[in-house]
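See below for the structure under consideration.
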Amino acid sequence: MSSFRERLKHIHIVRKIVYAIVGIVSYPGLVITNKLKISGTEHLKDLPRRNVLFVSNHQTYFADVITFLHIFCAVKWRKQNRLGIPYYLLNPFTNVYYVAAEETMQATWISKLFTMAGALTVKRTWRPEGTETRKGLDPSDTRKISRALENNWIITFPQGTTKPFAPGRKGTALIIKMTKPIVIPVVINGFWRAFDKKGLRFKKKGTLLTVRFKPPIQIDYEAPTEVILDQLMDAIEQSKAWMLKGAHHRAKMKA
């Protein structure tokens, strides 16, 4: 059954139908129940249709990705920094995949359906508490992501967990060294407050959700993996420096 779903997600008409279903169901929670603020989509309009990697921090299993898909579809319809009326779901942008843990996407029938929106399922290399069980991605997972980049955009979350300021995984930096993509950093916030971890139930309504696209990172593809990973984590504001800056700001607010 999983191999059947794997074949289906590469059929554009199937992807469009899934986008429409997921988009219609999720739209009210993003822009009516909560408030969505988007910035930086001007960095997307002239991107090529292939070999573009979006690297983001992670706050829920699904709401983050679903929001990205909404935004990419809106940008295709020449909307800038807004969704507006979701007529873009009539002809969505489907040249995009996202990296997700295999066990997460097999958990429920909803997650299995969302797999057909373009999930690149990979074997988890970490335990729930954030410790690595092995180094890097499985070679077959690396090939899967590299092949997808040849003709698509890809969304990935280098931390692999929704825990803030968790360390990044070297697999993302290795893929960047191998494929030399355009790398767009994305910083999101508010999703952890508005939705449960699975991103399917509301925790707090009226929350400000922010998605901020930054300009492409200038990367030295020949640099060591550790250097590239540090650059990524700083760009998505999840590095140690950003953690200390946040702690300093909180302390200042309390004073």
Q) Roughly how much of residue 45 is accessible, in Å² to the nearest 10, using a 1.4 Å probe? A) 130
Q) Tell me, what is the FRET efficiency for residue 85 and residue 7 to the nearest 0.05, using R0 = 30 angstrom and their Cβ-Cβ distance as r? A) 0.35
Q. Using a Gaussian network model of the chain with C-alpha springs under 10 Å, which one of 105, 233, 243 is most mobile by mean-square fluctuation?
A. 243
Q. What number, rounded to the nearest 500 deg cm²/dmol, is the helix-based mean residue ellipticity at 222 nm of the chain, given -39500 (n - 2.57) per DSSP H run of at least four residues and division by all its residues?
A. -12000 deg cm²/dmol
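Membrane-span-like helices in the chain: DSSP H runs reaching 18 Å or more (Cα, own axis), mean Kyte hydropathy at least 1.6? Each step should come with its number before you reach the end.
Working: long enough: 12-31 (26 Å, 1.36); 63-76 (20 Å, 1.54); 240-254 (21 Å, -0.99).
In the chain, no H run is both long and hydrophobic enough.
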**Q.** Estimated D of region 1-115 in µm² per second, where Rh is the Kirkwood radius over Cα pairs and Stokes-Einstein applies at 10 °C, 1.306 mPa s
**A.** 106
Q: Work out from phi, with θ = phi - 60° and the Karplus expression 6.51 cos²θ - 1.76 cosθ + 1.60, the ³J(HN,Hα) of each residue of region 202-209, listed in order in whole Hz, and give x for Gly and Pro.
A: 6, 9, 8, 7, x, 7, 7, 9
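Accessible area per residue, 1.4 Å probe, Å², for the chain: what's the number? Kindly include the intermediate steps, with their values, before the conclusion.
Working: 12980 Å² over 255 residues.
I get 51 Å² per residue for this part.
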Q) Where both partners of a DSSP beta bridge lie in the chain, what percent of those bridges are antiparallel, to the nearest 5? A) 20
Q: Using only Cα atoms, figure out Rg for region 174-227 and give it as a multiple of 2.2 N^0.38 Å.
A: 1.63
Q: Between residue 165 and residue 202, with labels modelled 7 Å along Cα→Cβ, what's the label distance in nm to one decimal, could you check?
A: 3.1
**Q.** Euclidean distance between Cα centres, region 181-214 to region 215-238, Å
**A.** 22
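Computed over the Cα atoms, what is the radius of gyration of the chain divided by 2.2 N^0.38 Å, N being its residue count?
So the Cα radius of gyration is 0.97 times the expected 2.2 N^0.38 Å.
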Q.
On the principal axes of its Cα set, how long, how wide and how thick is region 1-69? Give whole Å, largest value first.
A. 38, 32, 22
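The values are calculated or read from the model by the stated rules, or taken from the named source; none is laboratory data. In this text the structure is predicted, and so the values were computed from the model without any measurement. Using ideal geometry, Cβ is built from the backbone for each residue, glycine included, and neighbour counts are taken over all protein chains shown. With ligands, DNA and RNA removed, areas are computed over all heavy atoms of the protein, side chains included. Shrake-Rupley method; radii C 1.70, N 1.55, O 1.52, S 1.80 Å.
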